[in-house]
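Chemist: Before I ask anything, let me first share the structure, which is written out below as structure tokens.
The values are calculated or read from the model by the stated rules, or taken from the named source; none is laboratory data. Computed from a prediction, not measured in an experiment: that's the story for all the values here. With ideal geometry, Cβ positions are generated from the backbone for all residues, glycine too; neighbour counts draw on all protein chains shown. What goes into the accessible areas is simple: the full protein's heavy atoms, side chains included, and nothing from ligands, DNA or RNA. Shrake-Rupley method; radii C 1.70, N 1.55, O 1.52, S 1.80 Å.
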Amino acid sequence: MKPNVIDEIVKNDLCIGCGTCAGLCPQKILKIQDNEYGEYVSSETKACDSGCGLCLEVCPFSNNENETQMGAKIYGSTEGMKYLPETGYYLDSYAGYSNEFRQSSASGGMATWLLTNLLKEGIVDYVICPSPQKNPEKLFSFEILSDENSVKAASGSVYYPVEMSEVIQKIMEVPGRYAITGLPCFIKALRLAAQKNRKLRERIVFTIGLVCGQMKSKNYTKYIAALAGNDDLKKVESVYYRGKSAEKPASNYYYQFTNVCGSQYKVFWNEGVSEAWVNRWFTPNACNYCDDVFAELADVTFMDAWLPEYSKDSRGTNLMLVRLPKILAYIQKGVEKKEIKVSEISVEKVIQSQAGVLDVKREQLSYRLNLARQKKRKTLEKRVKTRSDIGILKKREVRLKIRMQEESKELFLEYYQNYTLDIKTFRDRMHPYIKQTRQLRLLGRFAFLICTIKKISKVEGKKDE
């Protein structure tokens, strides 16, 4: 009997809850449900007696092919294709925005523009993306959309767990051409599934990827809602994660929550959201072992333009990595029709825009792998080598963030009672960790200053000789 996803992935806390295994299980005995931490995980409705192993073969966190190997098979033979270890395969890179969807989208509205155009021009029959549900227990889920207005209504970032088991089953049941959006691990799972299933291979005609630093649990959204002033989290009916304010830079966006009575609560990134995000509070453990930043197996990848020349513009701008010639042609057509404003940007700039995420998923990952193996935890075969020599301060940062990641989950359970979170006590308990991160940043700046002075001294010394 072959190994299965429950024994190899779920029991080792490596499940990201994408739902691909449940969607393809021949016996239909797998289902996706949220655990006590508000994370989706796979579970069995009864013991597996077939031992086919398909669930593990389509899992993005099993030790199967990596993104470089898979990318070479999908895109490697395309004329004009280029490759970099940071980005994977790509044809061209752009910066731009949609004139119509810029204001209503998280950044430049390019993903919404592309998806609505694919539907409008009859290139695809269906678009699959996370959509709001107005259900306090399940604020978002993957939906199959067939009209432009539904896609427009679903535009915007979603920092909330969703899973694909039901939509995968529907793709196999309902013929048509599908475009699907997803984070790197979800796109990889779909590519693995397509290798095993002809219907998925033929019917999923476009994959649209999003740059990802980490996923978040349902409890993350509850925490931010409490931070914004929601006293009864059971009544939170909808959330908008990336609101734009004309008075603030694009990087200081806000989260807005609406309850069942229509009352709205708002909190900006700099008012405590960033604290939870950058320190990896409420982040699934599987995210600690992902090395794909740019959704390398997607036909096109969209991201925020976190560069000085763009980030001060409150309206937002997209950066794009294009891997499929058809997508390239649609973008060029959109420029000619003046629906979008796009300009070429160097891939080095694209990489620079995600420098922080690359550091987490490459440099820091190498040390996280080292820590996991020291603790004799199951680890994955990754494209980065296990290392312990990443610098004293960075090693301390990694260990501190792992501790915060774990502690935030447990403290939430401790202080969440009757749909209310004791936000003050929670933050007081997390404060010592925040204090340590600030000290690390100060030490880092001091170390940088010392290194700079030494370099200048060497240069000046050579001049005097």
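Chemist: So, of the residues in the stretch 134-193 that are of a type in the set (Phe, Trp, Tyr) and in contact with a Pro (Cβ under 7 Å, 6 or more places away or on another chain), which turns out to be nearest to residue 208 (Cα to Cα)?
Modeler: Narrowing the stretch 134-193 to residues of a type in the set (Phe, Trp, Tyr): 140, 142, 159-160, 178, 186.
When the remaining residues are screened for being in contact with a Pro (Cβ under 7 Å, 6 or more places away or on another chain), the result is 140, 142.
Working: 140: 18, 142: 14 Å.
The extreme case among them is 142.
Chemist: Please indicate, with yes or no, whether at least one residue in the stretch 428-440 is modelled with pLDDT of 95 or more, surrounded by 13 or more Cβ atoms within 10 Å (Cβ to Cβ), under 29 Å from residue 38 (Cβ atoms) and over 27 Å from the mean Cα position of the chain (by Cα).
Modeler: Yes, that holds for at least one residue.
Chemist: Turning to a different aspect of this structure: How do the strands (runs of 3 or more DSSP E) wholly within the stretch 90-160 filter down when requiring 1 or more residues that are of a type in the set (Val, Ile, Thr) and open to solvent by 10 Å² or more (accessible area, probe 1.4 Å): which remain? If you could, list the steps in order and put the result at the bottom.
Modeler: On the way: elements: 92-98, 126-132, 140-145.
So the answer is 140-145.
Chemist: I've got another one for you. Regarding residue 240, is this residue under 14 Å from residue 269 (Cβ atoms) and buried (at least 22 other Cβ atoms within 10 Å of the Cβ)? Walk me through how you get there before you give the answer.
Modeler: Working: under 14 Å from residue 269 (Cβ atoms): yes; buried (at least 22 other Cβ atoms within 10 Å of the Cβ): no.
In short, no.
Chemist: Sticking with this structure for a sec: Taking residue 141 as the residue in question, decide whether it is under 16 Å from residue 180 (Cβ atoms) and either touching a Cys at 6+ places or on another chain (Cβ under 9 Å) or aliphatic (A, V, I, L, M) (or both). Lay out the reasoning, then the answer.
Modeler: Working: under 16 Å from residue 180 (Cβ atoms): yes; either touching a Cys at 6+ places or on another chain (Cβ under 9 Å) or aliphatic (A, V, I, L, M) (or both): no.
No, not satisfied.
Chemist: I would also like to ask the following. Being in contact (Cβ under 8 Å) with a residue 60 or more places away in the chain and in a strand (DSSP E or B) is the filter here; which residues of the stretch 232-250 pass it?
Modeler: As a first pass, look at the stretch 232-250 and keep what is in contact (Cβ under 8 Å) with a residue 60 or more places away in the chain: 232-242, 244-250.
If the condition is that a residue be in contact (Cβ under 8 Å) with a residue 60 or more places away in the chain and in a strand (DSSP E or B), then 236, 237, 238, 239, 240, 241, 242 are the ones that fit.
Chemist: Hey, residue 297 hits all of (1) among the hydrophobic types (A, V, I, L, M, F, W, C); (2) in a loop (DSSP other than H, G, I, E, B); (3) surrounded by fewer than 20 Cβ atoms within 10 Å (Cβ to Cβ) but one; which does it fall short on?
Modeler: (3)
Chemist: Ok, one more. Find the helices (runs of 4 or more DSSP H) located wholly in the stretch 176-231 whose residues include 2 or more that are touching a residue at least 40 places away in the same chain (Cβ under 8 Å), surrounded by 22 or more Cβ atoms within 10 Å (Cβ to Cβ) and among the β-branched types (Val, Ile, Thr), and list them.
Modeler: By residue number, 218-227.
Chemist: Counting residues that are touching an Asp or Glu at 6+ places or on another chain (Cβ under 9 Å) and over 30 Å from residue 393 (Cα atoms), which helices (runs of 4 or more DSSP H) fully inside the stretch 315-372 reach at least 1?
Modeler: Working: elements: 325-336, 347-353, 355-358.
Passing ranges, in order: 325-336.
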